Amino acid sequence: MQKIGKQTLKFDLKPIILETACIAGPKEADGPLAKYFDECLEDEMWGEKSWEKAESKIVKETVNMLISKSGVPSDKIDYCFAGDLLNQCISSSFGLRELNVPFYGIFGACSTFVEGLQLASVFIEGGVNYAICSASSHFCSSERQFRFPLELGNQRPPTSQWTVTACGAAMLAKEGDGPKITYITTGKIVDMGIKDANNMGAAMAPAAFDSLMTHFKDTGRKPSDYDAILTGDLGHIGKDILIDLCDNAGYNIKSVYNDCGVLIFDKLTQDTHSRRKWMWMLCKCIFWIFI
């Protein structure tokens, strides 16, 4: 492992993504990516008495599924890196408390899963054999955590995003078959002064842009070297902003870039918002004209 450029590590061993698992909620099951999930829930509560307990159950069952699919005994797993969107990472810590594996609770919001992959990769490069990476969220519990409890019935502005109800987990290994992690470029905090908590795409896009530019400069690569460039959840607004920022910097990412928050829902049939304000105003004008 060696550091190259400003913020990038290059791996000699190249950790392997041995296996993955994912359980998703009912809204996600109605979206374009449903066929890729291992299990889809019929309701967000999954038999539990609270949103938080349901999310914790999703974490537990996803990681258990991952262990079963990978064939790696739990006593052979060296570390677990997991996080969610709730205080003290309670979904992850309560869901994985019976796993009996050394645990790192991490919080990076949209970047949590990749943050876990990065940290686990460093550990694998340092001699660890197996490590689990997990990230989860639940629309209802995150709304209560960050915005307004659903019971209040608050109206969501058009720039709001829809937090996914799901958990994804991956097993990293020193040896085996699977995709290899060759480089990691860790981003830094980039605050452009966006104060609207309901427009997170605009708030996060500058940091995504900075990370991409740093990665290209550190590695000497360009967008066309990649089959896909993905961000976590910039939504439709943040995605457009990132494309514009990259264009202005001389990097055309449009042909290979997409956003996971955009991919997982169908904006025409599922109405998850995160659209430009001028589009919302246009829709309202059309509505008033027709009535």
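Since every read-out is calculated from the coordinates, none of them should be taken as a lab result. Keep in mind that this is a model prediction, so the values were computed, not measured. Neighbour counts are summed over all protein chains in view; Cβ atoms, including those assigned to glycine, are modelled from backbone coordinates with ideal geometry.
Structure data summary
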{"item": "Links that overshoot a 27 Å alpha carbon limit, given the list K69/K174; K3/K180; K27/K217; K35/K180; K57/K174", "result": "K27/K217; K57/K174"}
{"item": "Alpha-carbon radius of gyration plus Dmax, which is the widest Cα pair, for the chain in Å", "result": "19.6, 67"}
{"item": "Protection-proxy order for peptides 190-200, 88-98, 54-64, 249-259, each taking the mean of Cβ atoms within 10 Å per residue, highest first", "result": "54-64, 88-98, 249-259, 190-200"}
{"item": "Dipole-positive endmost among A203, L234, N258 within region 196-269 (Cβ charges, Cα centre)", "result": "N258"}
{"item": "Table column - 3J(HN,Hα) (Hz), region 42-47, Karplus curve with 6.51, -1.76, 1.60, x for Gly and Pro", "result": "7, 8, 6, 7, 6, x"}
{"item": "Three-way shape label, region 140-233, alpha-carbon gyration tensor, a/c 1.5", "result": "oblate"}
{"item": "Beta bridge orientation in region 2-173: antiparallel %, DSSP, nearest 5", "result": "65 percent"}
{"item": "Cα-based convex hull volume of region 188-277 per residue, rounded to whole Å³", "result": "102 Å³"}
{"item": "Cut-off 15 Å between beta-carbons: net charge of the residues surrounding C246, Lys and Arg +1, Asp and Glu -1", "result": "-1"}
{"item": "Cα gyration tensor category, rounded, prolate or oblate, for region 57-155 with a/c compared to 1.5", "result": "prolate"}
{"item": "Centroid-to-centroid separation of region 209-224 and region 1-64 [C-alpha atoms, Å]", "result": "26 Å"}
{"item": "Percent of Cα pairs exceeding the 27 Å cut-off, where the set is region 2-173", "result": "27 percent"}
{"item": "Qualifying aspartates and glutamates (Cα of each under 16 Å from Cα of K6; at least 8 residues distant if same chain)", "result": "D210, D218"}
{"item": "Residue of I77, I229, I241 that the Gaussian network model of the chain assigns the largest fluctuation, springs spanning Cα pairs under 10 Å", "result": "I229"}
{"item": "Average Cα contact separation per residue, region 2-173, under 8 Å, 6 or more apart, as relative contact order %", "result": "30 percent"}
{"item": "Under the span-like rule (Cα at least 30 Å along the axis, Kyte-Doolittle mean at least 0.0), DSSP H helices of the chain", "result": "none"}
{"item": "Scattering curve values for region 1-64, log₁₀ I(q)/I(0), Debye with Cα scatterers, q = 0.16, 0.22, 0.25, 0.28 Å⁻¹", "result": "-0.66, -0.87, -1.04, -1.21"}
{"item": "F81 long-range amide H proximity, modeled H, under 5 Å", "result": "Y104, I132, C133, S134"}
{"item": "Percent RCO, i.e. relative contact order, over the chain, from Cα pairs under 8 Å lying at least 6 residues apart", "result": "23 percent"}
